[in-house]
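Beneath this line is the structure, given in structure tokens, with notes to follow.
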Amino acid sequence: MLAGVLDVMAELREALRAKVEASEDRLGQAATTEEIVAILKAFGAPPVVAARYEGRMQLIGPVLYPWFWPTQRTALGITAAVYLVLSALRSLANDNPIQAMIQRIDNVIGIGLIAFAAVTLVFIAVERWGDPVKIFEKRWDPRTLPRDAIRKPRSLFESGVSLFFDILFILVWLKFVPFPNELPLRDGASVSVVLSPAWSAVYWPILALALLGAAGHLHDMVRPAWNRLRSAISIACYAGGLAVLWVLFKGRPFVDVQPRPGTSPEELERALRLVDGVLLVSLGITALIWAVSL
């Protein structure tokens, strides 16, 4: 199979080279960028060209098929993430949150099958009543191809799930989505965990970085190939994130705990040390990862 793929690549390379050389011979000069663009567009968009080598009748044709599984993975990942997050939030209000969460997980397969069927029907509809060839021929422009291979593009699934969690964090940060903050200690004793005043100083920078990160992941979905603009967004996010963490580390503790009825001062102090210690380790590991990534 690999040999066949290499043969096709060689055939396409020679065909394109012949068209460029014929154009140069006709014009008496080296082909310009615009002339090469015209030759590539006349030759066909990559999915359309690939479809010429696929002769089987399929429910989803070879033009759309390269997008079918990435779209399915993205839809399934986002659907599962939304369902699990909502289930976790609802389970926390239950007397036995772990058992309630396990019971809700059983439904994720059914929800996933519904999402899978919906995406499949959309692709079948486009294949049967749309014109995939014209869609790609109209939208494809060789000038949009990446000029610099900075890093491997992110998959549609990874970008979609990352964008979902970006949006979820923004909604929680803006308090549009409530986040449970009660920490049970024992039967009849619990504390409410709230952010310390140290977070007030970085409220708007965190929101700005979250929006910038969401814009970057949206860019990855629309234009998967990384370019210098995408790298600049990534660098800004990591650098800004490290600056925010520096402010937070200087303003420790990270949280305050407020007692509920039945909680002793010793339990309150122990809960504060526990939550603050967990955040210290988590944010320290995050800072290390961001520094390496930067």
- Amide H neighbours of L195 at under 5 Å, excluding residues fewer than 5 places away on the same chain, with H built from the backbone geometry, are D256
- Message: Using protein chains only and a probe of 1.4 angstrom, how many square angstrom of Y83 are accessible, to the nearest 10?
- Response: 50
- Task: Given the peptides 192-201, 155-164, 239-248, arrange them by the average over their residues of other C-beta atoms within 10 Å, most packed first.
- Result: 155-164, 239-248, 192-201
- Which percent of the accessible heavy-atom area of the stretch 217-259 goes to carbon and sulfur, probe 1.4 angstrom? 67
- With every protein chain kept in the model, how would you rank D7, D220, D141 by accessible area, 1.4 Å probe, largest at the top? D7, D141, D220
- Query: Can you give the accessible area of M221 in Å² (nearest 10), computed on protein heavy atoms with a 1.4 Å probe?
  - Reply: 60
- Could you work out how far apart the two model spin labels at R186 and S155 are, taking each label as a point 7 Å from the Cα in the direction of the beta carbon, and quote it in nm? 4.7
- Could you pull the accessible area for D25 with a 1.4 Å probe, rounded to 10 Å²? 130
- Item | Label-to-label distance, nm, for residues given as V8 and I167 (7 Å Cα→Cβ offset) | 3.4
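The values are calculated or read from the model by the stated rules, or taken from the named source; none is laboratory data. Note that the coordinates shown come from a computational prediction; the quantities given were computed from them, not determined experimentally. For neighbour counting, all protein chains shown are included, and Cβ atoms are generated from backbone atoms with ideal geometry for every residue, glycine included. SASA here: full protein model, heavy atoms, side chains in, ligands and nucleic acids out. Shrake-Rupley method; radii C 1.70, N 1.55, O 1.52, S 1.80 Å.
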